[in-house]
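For reference, the structure discussed in these notes is given below.
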């Protein structure tokens, strides 16, 4: 395993050099929070892909496909299709009408303090859910790769590195770490997919024939099992399972457009055209990657069989070990490690930016900095706190599937962040009360339903809360997303506030043309 350790250390050394270089460039709030808005379309596209193709995708989804077949692949479909929502609804208006965070869009025509406070709370909760998933993946990976390193030490190490990237390098360092990671992940995925197909003579027919008849011996019962992994129903069973799958798809497709760490990437580019092109580049990279999860997910099911996958998060690295030996295993593990570091850095800067810009500066101090550079200093302190919190929670949730945790983050983002964002962009009557109701009800309902679901409650002894689940679905999106929209609409109609309507025409022109955006974002 020495090769893996050296690859790990090489990647860490390269990213620390990027951070050192970025720290010398990051002078001022615009440079720290938005990389000076100098990122090109292809760079931002790869960075978005690097931010999006997380440990949940590479480790969690590969494991779900390897153990649950077709049903696990539905995660890949949801993650990929989600970017159409981003491209068609939010990318251009967000870049034109905001400055550093998604709350800037809401605050443009609504009362700033209440919507910024609620948006900051939602951002912190969504990024925490997402970050825990990455940290759990990091702990599992390093523990497997380096037997002398404990899970806890691995999680702490990743946490410290992400804090260093964000505190010293800001958005510029985060962007280049994500670009580096995206290139490595795509290269590793191509190599792994080619090696899998080589086992089946590069024939898709042979490959899917094998997937339709996977045979293994159950280590617990000693009984031989033959399973068709192309048949739906291994994870989502019966009527409840079908509804759960729809709920998951709804959360994934709509949640991406509400993920704070994805949305802030559109502020790093110089104009709306570049923002749109960024999404096109991102979709090309993300599409290629999720297509390849078919090969290494089903490849693990057929070549390793479920009996030889003790930890579902580790199916891709174990498949690499099986096909390419220890050197390839080391490379794939290092890629997975790079994946985790890049994503947690993006999440940390998103959370710290929202706290410093939305809550500290605009809620507590009414939009005024008390001293030059104060907002950046507060963001750096917030990064320490966010990182420490993620470390503690990841240690407590070590046995959870990382793809599942990310699915919950998407559900919260779709339920809380998306309704007020869409309504603020397209409904003239929408007002502050509606935004606060939508954020509050979407956030509360999604988290409450998650706590009452089989994801958290259970009677098998492994559940976080003992007891029969009260809410039958594992993903709350099918209930919480309509609740978020309904609350936002109802809150608007019940309120007599008409202040927001006066600025709608100006807001619409700016969101769609970018007129005035340059002055506001660069000033």
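Bear in mind that the values in this text are calculations on the coordinates, not laboratory data. Here the structure is a predicted model, which means the values were calculated and not measured. Cβ atoms come from the backbone with ideal geometry, glycine included; neighbour counts cover every protein chain shown.
At-a-glance table
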| item | result |
| --- | --- |
| Relative exposure of 92, 501, judged by other C-beta atoms within 10 Å (fewest first) | 501, 92 |
| Ranked packing of 372-382, 33-43, most packed first, by mean Cβ within 10 Å | 33-43, 372-382 |
| Distance between modelled label sites at residue 190 and residue 206, nm, 7 Å Cα→Cβ extension | 2.3 nm |
| Segment 79-185 - Debye-derived log10 I(q)/I(0), Cα point model, q = 0.19, 0.24 Å⁻¹ | -1.23, -1.34 |
| Hull volume in cubic angstrom per residue (convex hull over the Cα atoms of the chain) | 135 Å³ |
| Nearest-ten-degree value, helix 504-513 long axis tilted from longest Cα axis of the chain | 50 degrees |
| C-alpha center-to-center spacing [segment 120-182, segment 261-286] in angstrom | 22 Å |
| Three-way shape call for segment 210-250 based on the alpha-carbon gyration tensor, with the a/c threshold at 1.5 | prolate |
| Residue-span extension gain [residue 225 to residue 17] - 0.36 nm each, minus C-alpha spacing | 69.8 nm |
| Degrees separating the helix 170-198 axis from the principal Cα axis of the chain, which is the longest one | 30 degrees |
| Pairwise label distance in nanometres, residue 494 with residue 428, each label 7 Å out on the Cα-Cβ vector | 2.5 nm |
| Förster radius 25 Å - calculated FRET efficiency between residue 25 and residue 513 (Cβ-Cβ, nearest 0.05) | 0.25 |
| Spacing of the two label points (7 Å from each Cα toward its C-beta) at residue 153 and residue 501, in nm | 6.5 nm |
| Modelled label reach - residue 305, point 7 Å along Cα→Cβ, segment 184-228 residues with backbone N closer than 19 Å | 199-200, 207-228 |
| Degrees separating the helix 272-299 axis from the principal Cα axis of the chain, which is the longest one | 20 degrees |
| Euclidean distance between Cα centres, segment 309-383 to segment 405-436, Å | 24 Å |
| Förster radius 60 Å - calculated FRET efficiency between residue 459 and residue 273, Cβ distance, rounded to 0.05 | 0.65 |
| Relative contact order of segment 1-129, pairs being alpha-carbon contacts under 8 Å that are 6 or more residues apart, as % | 10 percent |
| Protection proxy ranking, peptides 438-446, 333-341, average beta carbon neighbours within 10 Å, highest first | 333-341, 438-446 |
| Average Cα contact separation per residue, segment 268-347, under 8 Å, 6 or more apart, as relative contact order % | 17 percent |
| Relative contact order %, the chain, counting alpha carbon pairs below 8 Å whose residues are six or more apart | 29 percent |
